[in-house]
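Novice: Once you've had a glance at the structure underneath, I'll fire off some questions.
We did not get these values from a lab; they are worked out from the coordinates using the rules stated. Remember, it's a predicted structure, so these values are computed and weren't measured experimentally.
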Amino acid sequence: MSTERANRCIECSITNCEHHCTGSDFCSLDHIQVGTHEANPTMYECTDCMSFKMKG
Ligand code: SF4
């Protein structure tokens, strides 16, 4: 999948993700899945992008 195409509905600053758009702070995927590592999430730090994939 090309990472040149920015999905402007999904802003993201995680540049070491395989799906990060080259040159701008957007995700290149059509959609992502957001999840949590907490039993009872109460703030944004509790949430995770489950579509993250380490670059390289
Ligand atoms: S998959 Fe998640 S972490 Fe990776 S660029 Fe897209 S929104 Fe960011």
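Novice: Anyone know which of Cys27, Cys17, Cys46 comes out most mobile in the 10 Å Cα GNM of the chain?
Specialist: Looking only at Cys27, Cys17, Cys46, the biggest GNM fluctuation is shown by Cys46.
Novice: At 0.36 nm per residue, minus the direct Cα-Cα distance, what do Arg8 and Cys46 gain on full extension? Give it in nm, one decimal, please.
Specialist: Details: separation 38, 0.36 × 38 = 13.68 nm, distance 2.36 nm.
Length gained, Arg8 through Cys46: 11.3 nm.
Novice: Oh, and also: If each residue of separation counts as 0.36 nm, what is the full-extension length gain between His37 and Met54 once their alpha-carbon separation is subtracted? Show your work: numbers first, answer last.
Specialist: Numbers: separation 17, 0.36 × 17 = 6.12 nm, distance 1.79 nm.
Here the segment from His37 to Met54 would lengthen by 4.3 nm.
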